[in-house]
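A short worksheet on the structure shown next.
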Amino acid sequence: MLSDKTSILIIEDEPSIAKLIDYTISEAGWHSTVVHTAADGWDAISRRMPDLVLLDWMLPDQSGLRFLSRLRAERQWQALLVMMLTAKSMEEDKISGLDNGADDYMTKPFSPRELTSRVKALLRRKNPEQVSDILSAGGVTLDLASCTVAMNDQKIEIGHAEYRLLKFFMANPDRVFSRSQLLDKVWGDHVVIEERTVDVHVLRLRKALRESEHLIRTVRSVGYMLSAK
């Protein structure tokens, strides 16, 4: 079951559609915020980044596609989940939306049930760690609600990038990931950084975990994994 703390921003200018989406999201147990223009959407994301954005293609002040391109140009929002909602059903429009960084695409009209199902699937695919509020491995616990890490019940200091890396590892234990996969899954599909950066963050993560550094294992010629076995 997905966490009810999931926050979804709805950017839709048609009042009746916005109301329906808002009701659907709330009924699914997620927190929703509705805005009607690209400018208000940008302000909302700047104040607090949501877990997912439902973005209408046709907005009064700016196209959803242009909004998405601007969003993906900002490093801190490159990994933000975005599902485009639009009446445009031509294949080239869908390709254009996905090529500009959309994670998924729904054509209007759609049923509330289909929307809920697609949102759940998108959240699970991108954020498998959301299935639980507490992740643990070998004496290390990660609290998703407070974004803190503890070792043997003692809170430890950890950098933001290392926290995200540890969260992903703990949500996918005993699985080996290459450096490129970690760049994709942890930093986002559109972030352009070198694979060697992963090695740096793994080194910092191990240092933060101190005596539990052995949990992060190097698999020669492949990548890294977390295992308490």
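Please treat every number below as a calculation from the coordinates, not as lab data. Since we're looking at a predicted model, the values are computed, not measured. All Cβ positions, glycine included, derive from the backbone under ideal geometry; neighbour counts span all protein chains shown.
Computed values, structure above
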quantity: Surrounding net charge for residue 24, when Lys and Arg each add one and Asp and Glu each subtract one, Cβ distance under 14 Å; calculated: +1
quantity: Residue 204 versus residue 227: modelled label distance in nm, points set 7 Å from Cα along the beta carbon direction; calculated: 2.7 nm
quantity: Residues listed by number, region 17-57, amide nitrogen under 18 Å from residue 63 label point at 7 Å toward C-beta; calculated: 37-39, 55-57
quantity: Cut-off 18 Å, label 7 Å out along Cα→Cβ of residue 17, residues of region 29-54 by amide N; calculated: 33-42, 53-54
quantity: Distance in nm between pseudo-label sites at residue 178 and residue 161 (7 Å out along the Cβ direction from Cα); calculated: 2.1 nm
quantity: By average C-beta atoms within 10 angstrom, highest first, the peptides 208-221, 46-59; calculated: 46-59, 208-221
quantity: Neighbourhood net charge (13 Å Cβ-Cβ; Lys/Arg +1, Asp/Glu -1) for residue 159; calculated: +3
quantity: Residue-averaged [θ]222 nm for the chain, counting only DSSP H segments that reach four residues, each worth -39500 (n - 2.57); calculated: -11500 deg cm²/dmol
quantity: Acute angle (nearest 10 degrees) that the helix 112-126 long axis makes with the longest principal axis of the chain, alpha-carbon atoms; calculated: 30 degrees
quantity: Net dipole in debye of the chain [+1 Lys, Arg Cβ; -1 Asp, Glu Cβ; about Cα centre; nearest 20]; calculated: 860 debye
quantity: 10, 134 arranged by Cβ crowding within 10 Å, fewest neighbours leading; calculated: 134, 10
quantity: Label-point separation, residue 124 to residue 47 (7 Å along Cα→Cβ), nm; calculated: 3.3 nm
quantity: Subset of 108/167; 19/167; 155/185 violating a 32 Å alpha-carbon distance limit; calculated: 108/167; 19/167
quantity: Which of 82, 200 has the fewest Cβ neighbours within 10 Å, and the rest in rising order; calculated: 200, 82
quantity: Under Karplus coefficients 6.51, -1.76 and 1.60, residue-wise ³J(HN,Hα) of region 19-35 in Hz, glycine/proline x; calculated: 5, 5, 5, 4, 5, 4, 5, 5, 5, 7, x, 9, 8, 10, 10, 10, 10
